[in-house]
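Taking it in order: structure first as structure tokens, then the write-up.
The values are calculated or read from the model by the stated rules, or taken from the named source; none is laboratory data. The structure displayed is predicted, hence computed values, not measured ones. All Cβ positions, glycine included, derive from the backbone under ideal geometry; neighbour counts span all protein chains shown. Note: areas computed on protein heavy atoms with side chains; ligands, DNA, RNA excluded. Shrake-Rupley method; radii C 1.70, N 1.55, O 1.52, S 1.80 Å.
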Amino acid sequence: MCISSQINAGQRKKMCWDGVLADFKQALRKGGPRRGFDVGYDGMKYDYWNVRTPGSPAVRRELEGAGLAPLCAAVLAARGIGGREEAGQFLACGPERFHDPFLLKDMDRAAARVGKAIETGETVCVYGDYDVDGITATCLLTEALALLGGRAVSYIPDRSEEGYGLNPRAVDRLAAQGVTLIVTVDCGITAAAEVEYARSLGVEVVVTDHHHCKTAIPDAAAVVDPRRPDCSYPFPELAGVGVALKLAQALAGPDRAGELLRRFGELAAIGTVADVMRLTDENRALVRQGLALLARTKRPGLRALLREAGLEPGAVPTAVTIGYGLAPRINAAGRMEQAMVALELLLTRSVDRGEELAGILCSLNRERQAIELDIYRQCDGVLEENPALARPCVVMAGEGWHQGVVGIVASRLAEKYACPTFMISLEHGLGKASCRSFGGFNLFAALEACAHLFEAYGGHEMAAGFTIREENIPAFQERIRRLVSQYTGDSPMESAIDVDAEVDDCALLSTVQVDGLAELEPFGSGNPKPVLLLRSAAVVSCCDVGGGRHLKMRVRRDGVPLDAIFFSANCAQCGVSAGDRLDLLFHPQINEFRGARSVQLQICDLRPAPTRAQLEQELFRRLQEGEALSRWEAGLLLPSRQDFTRLWRFLERACAGEGADAGPSLLKQAAKGPDGRYAYGRTLVCLHVMGDRGLLAVERERVCLRRPERKVDLEQAGLMRQLRMFINGA
């Protein structure tokens, strides 16, 4: 690590140039995940920034050669896409992405039984769930049965009075109305007893669901669920509405499958995104095509709801439009015990009624938000005062908490306290719980281990629910804490964010490059919005916006100014002011204002950046230890010919006579440029290169120059070749 290989081992300990900068205490941690800056705002913050290993330059070039923008190619390569063919498979959204419905176990039996009901004129009830997935699935299959000539009615249980899924009271009511066949959508896989009860009344049941099965599959006329252990369907991640669409296509036959997709694709997209299903493979194709259909939907209620959600006329909806615009409003109906209002909004063909219903949903959503905020503040206050209650998980119960909103509160608490959260709404000695996971903890498996304590339970790995008697809550709390502790070990869970790429050149943050990321849409589970890292950005200005709730900044790096917005955090909470230097994690997006388009950084997290000297010290250490550097990092260290010339002339003056003291003072003087700025990294590289090529040496703690007999090629030094390799992407 010394500038001359001639120094003996005893001298080396004293004379290493690396020791000169040892007093800089805030250098970046070596390699691996980096701890995020805890800004202390009430929102998601990350303990670790996991920067993905960049894909090979050859892969990136191949992807760019296939027509992808460089920024898009970098993201795909970092996510493990190995080349043009693999990228084509991932991005494909055509007919080849859709699998045969009859690959689903029991689909033949389901289609035969429902087909018989259509032929014989039976009254079929489409029985759904009260969330967005269930409501869209109910609408889809009800309309599909009518389109195919069937007689269909819809039923969604009241969340408060009936709870989730098939229930005896509803079966009694439907049987009295002459229903002879119930087709469940987005529910039913755990309803073994209810299916048996329906049969006793002469009502058959076809189950279509996508939730995990328990040990006993209902003895129904058919049970279609891609998560059945004995189902070999190629893509088990369908939402409930996706399974409903498959049944409709199976009934219509292959010649009409495309027609049904065009008719109902927007409903399938809404339900799939809202239920946070993986947006890969078949779901990716389904949602991408569904979004295009949503942009020109003929459903008056959806058009009105899109306007209420703020979608500008002519704008193309995205998965974000669904997730943050449509889904909360549709969900609000079910949460506030008025799911049939949302169903009617999707079914109506009246423009006036559609607008009226859209207004009702927005009003219900505002009411839901107020109730949710009240419960959240109650719980957060308790946890702030008693942090031990949030370790290793949060289990809270409250009398009279609104069942429809505790799931959202659970999500917010899970994010803030970085742990699984279980919220139980108590009424008359019975608790109904909504659970949200964190850190990969499998909720459904955990609930299975506690099944003896529940009246009922179900759900997914990440979100689930159960019904429990109040007297069993202490035992559940003890059991679930033990399970979470076994999962985490001795360490608390820590939040992390995956970073797709570091921005080496701010020229990549152009509107053309950011527009190119649209090839990756739709974003969601399994295909998140790209997260980029911009290091050492100087804050030019900053201010609070949105009533003091959000932070707006203008930053600069490489001479390029950029606008940035950080939601749910302000200047005081982040401790940010003009002149600071920050490392930023962000989603790149296009901001449109008065016809002008510009790139804006939507900040995910931030932390103080090291000073330039600290950064260069760390980069030089990494270079010497053989670690890879990004193109931008290598550019900070790579000296120019002028740098070598200036340093040589400085050393000629400083080392005249018997040489100069090899210490911090000499390095500081050598690193000071003509503009008064210090370039420690490039100076250290120059010194090592000159030592490597025999132009200087350290003798008796003095730096001495060595004039070469012939011209020396500095570019052949090992450090110079390494830096060129990183910059050229080799």
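Observations, loosely collected:
- Of the candidates Glu355, Glu372, the single residue that is assigned to a helix (DSSP H, G or I) and under 27 Å from the mean Cα position of the chain (by Cα) is Glu372.
- The residue list Glu633, Glu701 contains one member that is in contact with a helix residue (DSSP H, G or I) (Cβ under 8 Å, 6 or more places away or on another chain), at pLDDT 85 or above and of a type outside the set (Lys, Arg), which is Glu633.
- Residue pairs whose Cβ atoms lie under 7 Å apart, sitting 6 or more positions apart in sequence or on different chains, and linking a residue in segment 292-305 that is under 13 Å from Ala342 (Cα atoms) to a partner that is at pLDDT below 95 and among the polar types (S, T, N, Q), do not occur here.
- Within segment 193-212, considering residues that are open to solvent by 60 Å² or more (accessible area, probe 1.4 Å) and free of Cβ contacts under 8 Å to residues at least 60 places away in the same chain, the one farthest from Lys116 (Cα to Cα): Ala193
- Within segment 638-680, the set of residues being open to solvent by less than 40 Å² (accessible area, probe 1.4 Å), over 20 Å from Gly694 (Cα atoms) and assigned to a helix (DSSP H, G or I) comprises Ala671, Tyr680.
- Close pairs from segment 680-703: first over 19 Å from Glu658 (Cα atoms), partner open to solvent by 10 Å² or more (accessible area, probe 1.4 Å) and part of a loop (DSSP other than H, G, I, E, B), Cβ under 6 Å, at least 6 apart: Arg693/Val712
- Residues of segment 681-693 satisfying the condition of being of a type outside the set (Asp, Glu) and open to solvent by 40 Å² or more (accessible area, probe 1.4 Å): Arg682, Arg693
- Any hit, segment 222-235, residues being surrounded by fewer than 23 Cβ atoms within 10 Å (Cβ to Cβ), in a helix (DSSP H, G or I) and more than 24 Å from the chain's Cα centre (by Cα): no
- Gly323 open to solvent by less than 60 Å² (accessible area, probe 1.4 Å) and in contact with a strand residue (DSSP E or B) (Cβ under 9 Å, 6 or more places away or on another chain): yes
- Note on segment 67-104: among residues that are outside any helix (DSSP H, G or I) and among the aliphatic types (A, V, I, L, M), the one that is farthest from Asp515 (Cα to Cα) is Leu104.
- Any chance Leu311 is farther than 18 Å from Val241 by Cα and under 23 Å from the mean Cα position of the chain (by Cα): yes
- A single entry from Thr190, Thr215 fulfils the requirement of being assigned to a loop (DSSP other than H, G, I, E, B), in contact with a Gly (Cβ under 7 Å, 6 or more places away or on another chain) and open to solvent by 50 Å² or more (accessible area, probe 1.4 Å): Thr190.
- Annotation note: of Phe476, Phe466, the sole residue that is in contact (Cβ under 8 Å) with a residue 60 or more places away in the chain, surrounded by 19 or more Cβ atoms within 10 Å (Cβ to Cβ), in contact with a strand residue (DSSP E or B) (Cβ under 7 Å, 6 or more places away or on another chain) and of a type in the set (A, V, I, L, M, F, W, C) is Phe476.
Matching residues to (1) assigned to a helix (DSSP H, G or I); (2) in contact with a strand residue (DSSP E or B) (Cβ under 6 Å, 6 or more places away or on another chain); (3) within 30 Å of Arg557 (Cα to Cα):
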residue: Glu627; (1), (2), (3): no, no, yes
residue: Ala634; (1), (2), (3): yes, no, yes
residue: Gly691; (1), (2), (3): yes, no, no
residue: Cys704; (1), (2), (3): no, yes, no
residue: Glu709; (1), (2), (3): no, no, no
residue: Arg724; (1), (2), (3): yes, no, yes
residue: Ile727; (1), (2), (3): yes, no, yes
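- The residue pairs whose first member lies in segment 484-504 and is open to solvent by 40 Å² or more (accessible area, probe 1.4 Å), whose second member is among the aliphatic types (A, V, I, L, M) and in a loop (DSSP other than H, G, I, E, B), and whose beta carbons are closer than 7 Å, counting only pairs six or more residues apart or on different chains, are Glu494/Ala418; Asp498/Val531.
- Scanning segment 160-174 for residues that are free of Cβ contacts under 8 Å to residues at least 60 places away in the same chain and either part of a loop (DSSP other than H, G, I, E, B) or touching a strand residue (DSSP E or B) at 6+ places or on another chain (Cβ under 9 Å) (or both) gives Glu162, Leu166, Asn167, Ala170, Val171, Arg173, Leu174.
- Some residue of segment 78-94 being more than 30 Å from Leu533 (Cβ to Cβ) and either in contact with a His (Cβ under 6 Å, 6 or more places away or on another chain) or at pLDDT below 95 (or both): yes
- Looking across segment 236-291 at every residue that is touching a Lys or Arg at 6+ places or on another chain (Cβ under 8 Å) and assigned to a loop (DSSP other than H, G, I, E, B), the one that is surrounded by the most Cβ atoms within 10 Å (Cβ to Cβ) is identified as Leu238.
- One residue stands out among those in segment 330-347 that are free of Cβ contacts under 8 Å to residues at least 60 places away in the same chain and open to solvent by 60 Å² or more (accessible area, probe 1.4 Å): the one that is farthest from the chain's Cα centre (by Cα), which is Glu344.
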